Amino acid sequence: MKIYTFFTWYFSKQRKFQFFRDESLYNYRIRNNSISTTGNERSFDIFEILDLTQDNLKNVNIYSKVKDDFLMFVIVNLKYVYLRLNERLRNQYLQKMKEKYEFYSLNQVKKDHLNTWHFDDRVFYQAIAVSSNGIEFELNYKKLYYEFLANHYEGVIEQLSNENQVLAQKNNDLKEQLANSSIKNKFKKIVKL
């Protein structure tokens, strides 16, 4: 947790960054007893980490500049931990997310920014707002998830169907052109003259 706080502070002080694609700037170790892998009570440490991150961003006066990205960062991390969380803790975790909802300014996510999020993060975010307990959250999350996919693929299917019709017409036009340009057809035209 302290190293993350350091990186937040350090990067906020920099005016320019240069990244080298072939080299890792920071490597994460996945340990058996970390908050992201255990799914136990330690997973609730994510709230302390998010609190510290938000405080650091505010202390270095860049929070307003990065607020939209921070809100997405919050949801991505809350979802990551939630999906690995032991089922017996999920209701408690949802209650904690709801307690922190306004503290993290999740009620201020801009719609145009929300539309840039991965659909799974969007649905997770929306399910938090409309759920009052863990069971309801699970149902809302799945419902919103499947609704999104159904709407998305309905549009994709319609688009592909239209493209398929255009391609079929082009194919028929090419067949007709080919038939009209064949040697046999040219010979028929000469004989008719």
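Here is how the numbers come out for the structure above:
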{"item": "Residues of region 55-83 that turn out to be more than 19 Å from residue 115 (Cα to Cα) and touching a helix residue (DSSP H, G or I) at 6+ places or on another chain (Cβ under 7 Å), as a count", "result": "7"}
{"item": "Count of region 107-135 residues which are charged (D, E, K, R) and open to solvent by 30 Å² or more (accessible area, probe 1.4 Å)", "result": "4"}
{"item": "Filter result (under 14 Å from the mean Cα position of the chain (by Cα) and open to solvent by less than 60 Å² (accessible area, probe 1.4 Å)) within region 74-86", "result": "74, 75, 76, 77, 78, 79"}
{"item": "Residue in region 60-69 that is without any contact (Cβ under 8 Å) to a residue 40 or more places away in the chain, open to solvent by 30 Å² or more (accessible area, probe 1.4 Å) and outside any helix (DSSP H, G or I) present", "result": "yes"}
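The values are calculated or read from the model by the stated rules, or taken from the named source; none is laboratory data. Given the structure is predicted, the values throughout are model-derived calculations rather than measurements. Methodologically, a virtual Cβ is constructed for each residue, glycine included, from the backbone with ideal geometry; neighbour enumeration extends over all protein chains shown. Note: areas computed on protein heavy atoms with side chains; ligands, DNA, RNA excluded. Shrake-Rupley method; radii C 1.70, N 1.55, O 1.52, S 1.80 Å.
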